[in-house]
Structures are given as structure tokens and as C-alpha cells.
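Please treat every number below as a calculation from the coordinates, not as lab data. Since the model is a prediction, treat every value here as computed from it, not as a measurement. FYI the Cβ positions are ideal-geometry reconstructions off the backbone, even for glycines, and counts take in every protein chain you see.
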């Protein structure tokens, strides 16, 4: 596992904490993290699609922020879509955000979501605007 950059450590939200998000890797080209299924299910006991969206947006946004920092900018999400492929009832869901485009005004990521067996349970795409900090 790659050591997380120091600037990442203080960046977490109450939602990250509620989900039990663990960031494993953050760089402009790629971010990896995971969330336990337990505590993040819908009423039928399946992994919640909203948890997939949060995981995908968090990973893509962290990678986009790593990219934006190289330009003395910040990144903000502007578009997210998630497709669900299969159900998960236990274990962990791991997301891997991979850069599709790293530009001066936008950063785009594909996020693969997988279960403990490595089977893809969902796919997402996140586009972030790269903007001047406020």
C-alpha cells in the first residue's frame, strides 16, 4: 500500500466517517479506497447504491484535488454517474478511480467498484472542474 500524502490526512467529512471510508492511495492519476458493506445497506440488506455514489465521488474528487494542487487550484465535482452491475451483501467494496483526463480546467475519472472477490459491482464516472481556490 502506498503512503498517503500528508495533505490528505486532515481531509475527511462526517459522511466519510459514517460510511467507514478507508483511503488507501491518492495521487493525480489514481485513488483507491474501501467501505464496509455492513452499515451501508438498503432495506433489503444489499449494498446501497448511494454508498457507491459517495465512494466514487470521494475517490475521484481526492484524485482530482491531487491533480489540481499541481496547478495551485482546487477541484469540485460537477457530474457523477453510477451504474450498478451486481449486488453485494457482505465484506468490503473497494473503489479505484483512474484518470481519463487531467486538464487545466477539468479532470475526469472512471471509478471501478469491486467486491472482495474482485468482481465489479459498479462503474462510475466523475468530472471535476479545476478552479481557483476561494
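Projected label points at residue 46 and residue 108, each 7 Å from Cα along the beta carbon direction, are separated by 2.9 nanometres.
Taking a point 7 angstrom from the Cα of residue 38 along the C-beta vector, which residues in segment 89-131 have backbone N less than 18 Å away? Inside the label zone: 89-94, 115-117.
Subtracting the Cα-Cα distance of residue 131 and residue 89 from their residue separation scaled by 0.36 nm leaves 11.2 nm. Each peptide in 105-114, 59-68 was scored by the mean count of other Cβ atoms within 10 Å over its residues; highest first, the order is 59-68, 105-114. Taking the average, over residues, of other Cβ atoms within 10 Å as the packing measure, peptides 7-20, 121-134 rank 121-134, 7-20 from highest down. Per residue, the convex hull around the alpha carbon atoms of the chain comes to 103 Å³. The distance between label points at residue 78 and residue 24 comes to 3.1 nm (points 7 Å beyond Cα on the Cα→Cβ vector). Between the Cα long axis of helix 49-69 and the first principal axis of the chain there is an angle of about 20°, rounded to the nearest 10.
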